[in-house]
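Derivation of every value follows stated rules applied to the coordinates shown; laboratory data play no part. In this text, all values refer to a predicted model and were calculated from it rather than measured experimentally. Note that each Cβ is placed from the backbone with ideal geometry, even for glycine, and that neighbours are counted across all protein chains shown.
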């Protein structure tokens, strides 16, 4: 959860770029898309991916690829009503989320009115291989349940590590903001969630050796016309860990291709393609617009807050103590 403003975080990310690499930008280019002083589309600034549109199409919608305007309005109204009723209350056992102030959840569906952020395949669902789908469902069933015999039984997010890439999609109702820094030769993306910073070179340098695997992979960027393309591979093998969203788990076969196109002053068309022959029967594509539009969308980008995940590290010990207390109580009842 967001706790406290840390203005220096953005500065740290900017200073991670080469000395002298920062250049002034012109506010606009010759067209409607802002350009940098050196002529590239300007992606810099604070962005949010908040939306009511889910990653996968709900099965209840069957083959329905888009909502009607009436259906979209009804969904938005129902969501606002539900949140208002929940505001200021917290269910027993909850450790947070006691009001809506701390959340960044979207209030509208995407402008396309699609029923999923997945646009390919046409059914709007992740195209799992049969065994991979079974493994995924087993892991999801385990998430948040235990058994908590070790700190390794908690997922990567609870342990304040990461929830994997890509992080620029609405995977939770908070921390969906991003700060993008840009120079001629570098792109840096500071994720509010897990305070992760991705620094992507834009030159033709070779990839790191295959032995130099990383949790967030090895990324290289390039411009294709007005679109920034980021290809990431060489992920570390962390498939033995628990992930809240297993499709995003760091693993050797995972390959991610992201495309960012500045559309206008308030929008980046963000889309990505996922490839992993060991888990999916085909590549699949997501479109998740990033926006800075405050008034019409009711979102809260504009500030990047500290993700104080040291609190999660404290909670790990308490979760394990709680599990031992439950075991002792169960043993006493049997006796």
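Here are a few things to note about the model shown:
- Packing, as the average of other Cβ atoms within 10 Å across residues, places the peptides 71-83, 248-260 in the order 248-260, 71-83, highest first.
- Rounded FRET efficiency, nearest 0.05, which uses the C-beta distance separating residue 71 from residue 199 and R0 of 56 Å: 0.85
- Along each principal axis, Cα extent of the stretch 205-335, largest first, Å: 72, 45, 29
- Whether the stretch 38-120 is rounded, prolate or oblate, judged on the alpha carbon gyration tensor where a/c under 1.5 counts as rounded: oblate
- Mean-position separation - Cα centroids, the stretch 170-231 and the stretch 36-115, in angstrom: 24
- Anisotropy class of the stretch 186-243 from Cα gyration tensor, a/c 1.5 cut: oblate
- Sites residue 292 and residue 207, calculated FRET efficiency, Cβ-Cβ separation with R0 35 Å, nearest 0.05: 0.60
- Å³ per residue enclosed by the Cα convex hull of the stretch 209-274: 98
- For the pair residue 308 and residue 84, the difference between a 0.36 nm per residue extended length and the Cα-Cα distance amounts to 78.0 nm.
- Shape call, the stretch 111-232: gyration tensor on alpha carbons, a/c limit 1.5: prolate
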